[in-house]
Amino acid sequence: MARIAVDAMGGDDAPGPIVEGAVSAALTCSNIKSLLLVGSPPAIEKVLAEQPAVPSCIRIIEASEVVAMHESPAGAVRRKKDSSISRAVDLVKNGDADAIFSAGNTGAAVAATTLKLRTLEGVSRPAIAAIFPTNKKPFVMLDAGANPNASAEMVCQFAAMGVVCCKEVLAAENPTIGLLSIGEEDAKGNDVTKAAFELLQRSGLNFVGNVESSDLFEGKVDVAVCDGFVGNVVLKTSESVARSLGQWVKEEIDKKLLYKVGAALCSGAFAAIKQRADPAVYGGAPLLGVNGVCIIGHGSSSSKAVGNALRVAAEFVEHKINPKISESVRRTTEALANG
């Protein structure tokens, strides 16, 4: 049973969808013991008062400050000791919660968890794991933004952590790993990518070589690894393309009555595609490698996304993800040392 600290003030429209999603998760997830909503009590209570029912497992923890989206992450965490993100992480650090969810400033969430919780033994830096759909099966990509200047050794560790995430979240038995590069040939890429390729070959992991960005959505690998700069560009570009395609289709359909009739006939297919590509299915991206469970949501997270993110957080706690990540990183490090 998981105890989850929720940064109730983090997000574009907080605390509305954050609190609504928390209520939904509390009502539907049997493995959630308590949800600690951290932030302004009056603002949180106002949203709770609008809900048909509020489970007893929900509690409010006061925090007087908020880290805004535009603020410098590390500086804001150090200055704003009583911010909702800092207080939420403190609950995990002090043993009052097992996991944290935040849809606020991503950098602040990474900084606060890394500074306060530290990393797991053997892990150099934590990484954000984003889950994408494909025409065959979902895949995990990391790092999606925590480490813009990751070293080859870090990228190799990302692979070791991504394998565990893929096994536990996507139920893949022996996940394949691809290194995101500018060509499939071994010699393609920059210095870091080339060095990471060599390490991954000796890592003992199921490494299948380089993959190009055009291969990602073909389902060629279960885990794609790269530094946080490349990963974040891929993530945000993919989100933008998905939104644009949806808008373009809608605009074209609205131009002619015949198109509208055809769209009505294909409404089931459109709904299935929307569900397949909906990021709210997983709700957020796990920050792997920190000594605690942390799920980072999109700033525009809906209540559905928040509810699913809290479900995933509870599953991470239940499945004891962190010991498995530590073991995976340890085995990989030993393979490299003996190789």
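Coordinate-derived values only; no laboratory data. Everything numeric in this text was worked out from a predicted model, so none of it was measured. When we count neighbours, we look across all protein chains shown, and the Cβ atoms used for this are built from the backbone with ideal geometry, even at glycine.
Listing 191, 7, 13, 215 from the residue with the fewest other Cβ atoms within 10 Å to the one with the most, what is the order?
Working: 191 8, 7 33, 13 13, 215 16.
So the ranking, lowest neighbour count to highest, is 191, 13, 215, 7.
How do the peptides 108-120, 127-139 rank, highest first, by the average count of neighbouring beta carbon atoms within 10 Å per residue?
108-120, 127-139
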*Could you please state, rounded to a whole Å, how far the C-alpha centre of segment 212-259 is from the C-alpha centre of segment 284-315?*
21
*Using θ = phi - 60° and the Karplus form 6.51 cos²θ - 1.76 cosθ + 1.60, what ³J(HN,Hα) does each residue of segment 39-49 get, whole Hz, x for Gly and Pro?*
x, 6, x, x, 5, 5, 4, 4, 6, 4, 5
*Would you grab the residues whose amide H sits under 5 Å from the one on residue 97? Only those 5+ places off in sequence or on another chain, please, with H modelled 1.01 Å from N.*
92
*Please work out how much length the chain gains when fully extended from residue 185 to residue 70, using 0.36 nm per residue of separation minus the C-alpha to C-alpha distance, in nm with one decimal.*
37.4 nm
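For the chain, what does the helix formula give at 222 nm: sum of -39500 (n - 2.57) over DSSP H segments with n ≥ 4, over the residue count, nearest 500 deg cm²/dmol? If you can, show how the numbers build up before the last one.
Details: 13 runs with 165 residues, N = 339.
One gets -15500 deg cm²/dmol as the mean residue ellipticity at 222 nm.
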*asked:* Multiplying the sequence separation of residue 337 and residue 257 by 0.36 nm and subtracting their Cα-Cα distance, what value in nm do you get?
replied: 22.2 nm
*For residue 46 paired with residue 59, estimate the spin-label separation in nm (one decimal), with each label point 7 Å from Cα along the Cα-to-Cβ line.*
2.5
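Order of 180-186, 65-71, 241-247, 203-209 by packing, highest average Cβ count within 10 Å first? Before the final figure, lay out the partial values.
Working: 180-186: 15.4, 65-71: 17.7, 241-247: 11.6, 203-209: 19.3.
Packing proxy ranking, top to bottom: 203-209, 65-71, 180-186, 241-247.
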*Kindly write out, for segment 114-123 in residue order, the coupling ³J(HN,Hα) from the Karplus curve 6.51 cos²θ - 1.76 cosθ + 1.60 (θ = phi - 60°), rounded to whole Hz, with x marking Gly and Pro.*
5, 5, 8, 9, 6, 9, 5, 4, x, 8
*Mind listing the phi-derived Karplus ³J(HN,Hα) values for segment 188-193, rounded to whole Hz, using 6.51, -1.76 and 1.60 with θ = phi - 60°, and x for any glycine or proline?*
7, x, 8, 4, 5, 5
*Protection proxy ranking, peptides 325-333, 225-233, average beta carbon neighbours within 10 Å, highest first*: 225-233, 325-333
*How high is the FRET efficiency between residue 201 and residue 115 when r is their beta carbon distance and R₀ equals 35 Å, given to the nearest 0.05?*
0.55
*Test item: Cα-centred dipole of the chain, Lys/Arg +1 and Asp/Glu -1 on Cβ, debye*: 420
*How would you rank 29, 57, 166, 156, going from fewest to most other Cβ atoms within 10 Å of each one's own Cβ?*
57, 29, 166, 156
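Listing 290, 317 from the residue with the fewest other Cβ atoms within 10 Å to the one with the most, what is the order? Numbers along the way, then the final one.
Working: 290 29, 317 22.
Ordered from fewest to most neighbouring Cβ atoms within 10 Å, 290, 317 come out as 317, 290.
Under the 0.36 nm per residue contour assumption, what length would be gained going from the current alpha-carbon distance of residue 249 and residue 31 to full extension?
Details: separation 218, 0.36 × 218 = 78.48 nm, distance 4.00 nm.
That works out to 74.5 nm of additional length.
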